[in-house]
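Everything on this sheet refers to the single structure shown next.
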Amino acid sequence: MTKNIDLSTTVAGVNLESYIINASGPDCTTYEELQTIARSESAAVMMKSCTVEPREGNPEPRYQRLDFGAIQSMGLPNLGYKEYVKFSAQLRQEYGKPVIASLSGMCKEDNLKMVEAFQESPVDMIEVNFSCPNIVGKPQLGYDFEQTDKVLGEICKINSKPIGVKLPPYFDLCHFDMVAEIMLKHKVGFISCINSIGNTLIIDAETEAPIIKPKGGFGGLSGQYIKPVGLSNVRAFLERLKGQVAIFGVGGIVTGTDAFEYLLAGADAVQIGTTFEKEGAASFSRIAQELQAIMQRKGYSSIAEAKGKLREL
Ligand code: SIN
């Protein structure tokens, strides 16, 4: 019924067969997990945000599902960047799908070292995570505009694979102006917005305690709770980036309608995290089919046709 609806898209010059990929976060840490994504309808394989050294992450419980999303303070558990450089070669060879590295250094030198390594690897794009809220004593770089400017200035000079930035949510219009200016200045290839809303607190009234252990219960909120923030961030950046920087929309995509709303707001593609954790890899094909159905009903036949077409009231 919907086979004429073309979900293919391009992000920073990389062709994606579909508008839907996994987000860095849940279930993309081990090679087995990455293989599951590679075999699914996710149009690319996004790997877990990595650090120079392997990390166990924060103490458990550190991830809890909620009625409309999740709260987590994982603390970047990962196998260390060298493993992901190896995985990228294996994945590229075995599956031929675009592979995206995600990295989250503890300091500028870490980020430079990892970007250099991934620039030499077979990955197609490199996402630098400036927005992990879960490391004690380490602020989210995306909220420090001076440092963001400085670090990106150095990272973007290294070689030619597209660099993207995973951004935290912003809540003030002047912050969109400032961040967009930095992204344009350094010619980043894409942004992924938004990461979880950091440092939220869910309290269980029965136990009179938080529901996750790290950081006194403070953790990143994701899922349907945050979709309106994700949509406004995508829209605000679309208006400021003048078509020069691609946008991955992230946050609260459960249905094809959610994915369509991100498309109207201006996303070039979307990333699915919390729903993938809850529902597994079948979520990518379900959301794609639902998106095709809504596009067909509305008379759109491609992603490009509907992108950014939010109407004025
Ligand atoms: C984590 O591992 O702490 C989540 C990653 C993130 O929020 O960027």
Subject >> Among beta bridges that DSSP assigns inside the chain, antiparallel share in %, nearest 5 >> reply: 40 percent
**OP:** Could you sort out which of K278/K309; K161/K213; K166/K242 sit more than 28 Å apart by Cα distance in this structure?
**Re:** K278/K309; K161/K213
**OP:** Loop only per DSSP, at most 11 neighbouring Cβ atoms within 10 Å: give me the chymotrypsin sites (Phe, Trp or Tyr not before Pro) in the range 152-211, ordered by residue number.
**Re:** F171
Original post:
What ranking do T29, T200 get, fewest neighbouring Cβ atoms within 10 angstrom at the top?
Top reply: T200, T29
Original post:
Can you give the helix-only mean residue ellipticity at 222 nm for the chain, where every DSSP H stretch with n ≥ 4 adds -39500 (n - 2.57) and the sum goes over all residues, rounded to the nearest 500 deg cm²/dmol?
Top reply: -11000 deg cm²/dmol
Subject >> Within the range 9-27, backbone nitrogen closer than 16 Å to the virtual label 7 Å beyond the Cα of S302 toward Cβ >> reply: 9-19
Original post:
Picking from N134, L184, Y31, whose Cα lies most toward the positive end of the charge dipole for the chain (charges on Cβ: Lys, Arg +1; Asp, Glu -1)?
Top reply: L184
Subject >> Environment charge at F190 (Cβ cut-off 9 Å; Lys +1, Arg +1, Asp -1, Glu -1) >> reply: -2
**OP:** May I ask for the percentage of alpha-carbon pairs in the chain that lie more than 36 Å from each other?
**Re:** 10 percent
Subject >> Under DSSP loop assignment and at most 15 Cβ neighbours within 10 Å, longest trypsin sites (Lys or Arg not before Pro)-free interval of the chain >> reply: 4-156
Original post:
Could you give the longest part of the chain that holds none of the GluC sites (Glu not before Pro) found in DSSP loops with at most 13 neighbouring Cβ atoms within 10 Å?
Top reply: 209-311
Subject >> Anchor K227: aspartates and glutamates whose Cα lies under 13 Å away (excluding residues fewer than 8 positions away in-chain) >> reply: D258, E261
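Throughout, read-outs are computed from the coordinates displayed, never taken from laboratory work. Just so we're clear, the structure is a prediction, and the values are computed from it rather than from any experiment. So basically every Cβ, Gly included, is an ideal-geometry build from the backbone, and we count neighbours across all protein chains shown.
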